[in-house]
C-alpha cells in the first residue's frame, strides 16, 4: 500500500510506520489501513493528520471488501468536509463509510451482513481526536504510561462496564470474540468520539486490530513502542504476534510526535460541535437480550435451574448494557461546547522496561535460533550472534530499555531470515 510522502516540515515533527500481515492461520487479509498526512501548514490547521485501522468481518471476501470501503470512504469524506469541526467531520465520515458498506452489502447476497471495525486517530493543532466503532484499538504512550483511548465494543467489555466488574471476572460462558458494534451490517451505527488529548513531543500512538492486542499484552505493547523506533516497533509487534500463533490478521500503525505541536485551543478543549440525536441501540444487543431471555425460559421449563439462573443473569446484564448505551459518551458530551468528548482513557498500564519482559524476549530469540539450527536453515549467524551478545550485555548491565530494543531487533532479524528461507 502506498502512503503519502513525509514532507520536510512534517518529517521534523512526526514519525510513523504502518504494517499489515495476514498472520499464520488466515488465507486472506481482511484488515485494511489508511494514512493521510497534511501536506502543508494550512491543511494541518484545517484537518490535521489521519490514521485509520479497519478489521473486516464476513464470509468469502466480504470482510476484506468492507474494510477496504471503510479506509477509502472515511478519509476522503473527512477531508471534503470544509465547514464542520474536526469532531463533526469525523462523525459524518464514519456515517458515510457505514452507509457505503451497508448499501454494498444489501446489493449482493454474497456480501450481505458484511462489516468492519473502524478506529481512526486524527492529530490536530487542538490535540488528538479518536472516532471508534468495534474492538480495534487506539493507545497513547506518554513516558512509560500506556493509555487505551478507545472502549472495546465487545460483549465482554460491555458486560464488564455494566456490571462494574474487571474484564477477567466476566463469566467464562460469555464469548470473548463477539463485538457489539461494527460498520456495515445495519443502516445506522453508534459512534464513540474521544478527545481531544493534548499532544506533547515524545507521545507515541498505536493503532491496531485485535490480531495484535489479542496475543500481545498491553504492557508488552507499550514497552516495545517506547523502546524502539516506529519502524522497528511495528515489525517487532507483528513478529511477536506471529510467534504466539498469529491467529488473526495483524495490522499496526505506530505514530510518534517528535516536535512541538502546540494546541491552539485553551487547555486542549475541542471546538463547539453541533448537537446530535440519540443513536439507536445496535440490533446485536437486542438479539443477545432475546437469546439470554429465551435460554432462561427454556431452561426453567426443563427444570434446569442453574442454566435458567445463568440466562437470567445474562438477561439482566444485557438490559443494563442497553440502557448504558443510550447514554453513550458521543451522545451526551457531543453537544457540550468546549468539553472533552468521550470518557477515555479507558485503561492505563505501566510499561517500564523490566527484567521479566527482557527474559521473555531472550527465551523467544533462543527458541528461534534452536529451530533454525534443527532445520538446518541458512542464517547469517555472525550478524545474529553479534546482536544477541549486545542484548545479553545490556541485560547484564540492567539497561532494560536497550536490551528490549536489541532483543526485538534480533527477533525481527531472525524472523526475516526465516521468511526468506521459506521463500
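Okay, here's what the table says:
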{"item": "All positions within region 17-58 that are closer than 16 Å to residue 113 by Cβ and without any contact (Cβ under 8 Å) to a residue 40 or more places away in the chain", "result": "none"}
{"item": "Condition met for residue 135 (over 20 Å from residue 230 (Cα atoms) and assigned to a helix (DSSP H, G or I))", "result": "no"}
{"item": "Unmet criterion (only one of (1) buried (at least 17 other Cβ atoms within 10 Å of the Cβ); (2) within 22 Å of the chain's Cα centre (by Cα)) for residue 72", "result": "(1)"}
{"item": "Filter result for the condition that a residue is outside the structural domain of residue 226 (by TED's automatic domain parsing), part of a helix (DSSP H, G or I) and at pLDDT below 95, over 378, 409, 417", "result": "417"}
{"item": "In region 142-161, the residues that are buried (at least 24 other Cβ atoms within 10 Å of the Cβ) and in a strand (DSSP E or B)", "result": "146"}
{"item": "Residue within region 190-199 that is in contact with a strand residue (DSSP E or B) (Cβ under 6 Å, 6 or more places away or on another chain), modelled with pLDDT of 95 or more and under 30 Å from residue 367 (Cβ atoms) present", "result": "no"}
{"item": "Whichever residue in region 245-260 is part of a loop (DSSP other than H, G, I, E, B) and within 18 Å of the chain's Cα centre (by Cα) and, among such residues, is farthest from residue 25 (Cα to Cα)", "result": "249"}
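Okay, residues lined up against (1) under 29 Å from residue 216 (Cα atoms); (2) in contact (Cβ under 8 Å) with a residue 60 or more places away in the chain:
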| residue | (1), (2) |
| --- | --- |
| 89 | no, no |
| 122 | yes, yes |
| 142 | yes, yes |
| 157 | yes, no |
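The values are calculated or read from the model by the stated rules, or taken from the named source; none is laboratory data. Predicted, not measured: the structure shown is a model, and the values here were computed from it. Cβ coordinates were reconstructed from backbone atoms using ideal geometry, including for glycine residues, and neighbour counts include every protein chain displayed.
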